[in-house]
1. Within the chain, what is the longest stretch that has no trypsin sites (Lys or Arg not before Pro) placed in a DSSP loop and near at most 16 other beta-carbon atoms within 10 Å?
2. Chymotrypsin sites (Phe, Trp or Tyr not before Pro), restricted to the stretch 80-135: which are DSSP loop and have at most 14 other Cβ atoms within 10 Å?
3. Pop out the carbon and sulfur fraction of the accessible area of the chain as a percent, whole number, probe 1.4 Å.
4. What is the angle, in °, between the Cα long axis of helix 137-149 and the longest principal axis of the Cα atoms in the chain? Nearest 10 is fine, range 0 to 90.
5. With a Förster radius of 45 Å, plug the Cβ-Cβ distance of Ala28 and Lys113 into 1/(1 + (r/R0)^6) and report the FRET value to the nearest 0.05.
6. Specify, per residue and in Å³, the volume enclosed by the convex hull of the alpha carbon atoms belonging to the stretch 60-181.
7. Working out 0.36 nm times the residue gap between Met103 and Lys6, then minus their Cα-Cα distance, what length gain in nm do you get to one decimal?
8. How far is helix 19-44 tilted, in degrees, relative to the longest principal axis of the Cα atoms in the chain, given as a value from 0 to 90 rounded to the nearest 10?
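The values are calculated or read from the model by the stated rules, or taken from the named source; none is laboratory data. Just so it is clear, the structure is predicted and the values come from calculations on it, not from any experiment. Cβ placement follows ideal geometry from the backbone for every residue including glycine, while neighbour counts extend to all protein chains displayed. For the accessible areas, the whole protein counts, side chains as well, though only heavy atoms, and no ligand, DNA or RNA atoms are used. Shrake-Rupley method; radii C 1.70, N 1.55, O 1.52, S 1.80 Å.
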Amino acid sequence: SSGLGKVQVCTTQSQAEDAAAMKQRVGALTRRFQVQAQRYAALHGEHTPWPIDDGTIFTLNLLSDAILFQQGWLPTNVIDAAMLREETGIHATCIRAFTTPTMIGGWNVTWQKPKPTAIATALGSLFVFQANEPLSDSQYQALADLQARGIGERRQEGYGQIRICDEFHLLDETISEPKEG
């Protein structure tokens, strides 16, 4: 009655991305990695080659906690090459994984009982994949479909939401020289 806590909810219809939008983002990230690999090669010579000229680099970012299982039953915190291949058909190597484990649970209001607890991979976790060759249009569509449906268990409860090649990976960092004076 005092107006505190007043909330207005508006819904919008979100549209799943198509293969073309996914291809554009993945291509931009791959080019960014190629430029960085060239910089490293120039700094260190041929001691640290990183052959990504013909390949594809893409990231998988967790937007929510994800309950992941290897081979359908073994809890894990990593989305590995086998899991990606099972979900999309894409053959790629997980070259980096930045993850944090977490426990999830909750309360089922209908049953008046606790929900089962599970080991999960925390939101904000990141997986970097490298395919040795360019992806096809159908593979870009598979990534778009994966992004739309999510990954892991209990997705209907909001777990496993992902973003492929989030735009923040493409933000330019400008390192300025220290100012004198």
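1. Maximal segment without exposed cleavage sites: 7-178.
2. Those that pass, being in a loop and sparsely packed, are Trp111.
3. Ligands and nucleic acids excluded, carbon and sulfur reach 52 percent.
4. So the inclination is approximately 30 degrees.
5. For R0 = 45 Å, the calculated efficiency reads 0.45.
6. Taking the convex hull of the Cα positions in the stretch 60-181, it is 160 Å³ per residue.
7. Here the answer is 31.7 nm.
8. Orientation of helix 19-44: about 50 degrees from the principal axis.
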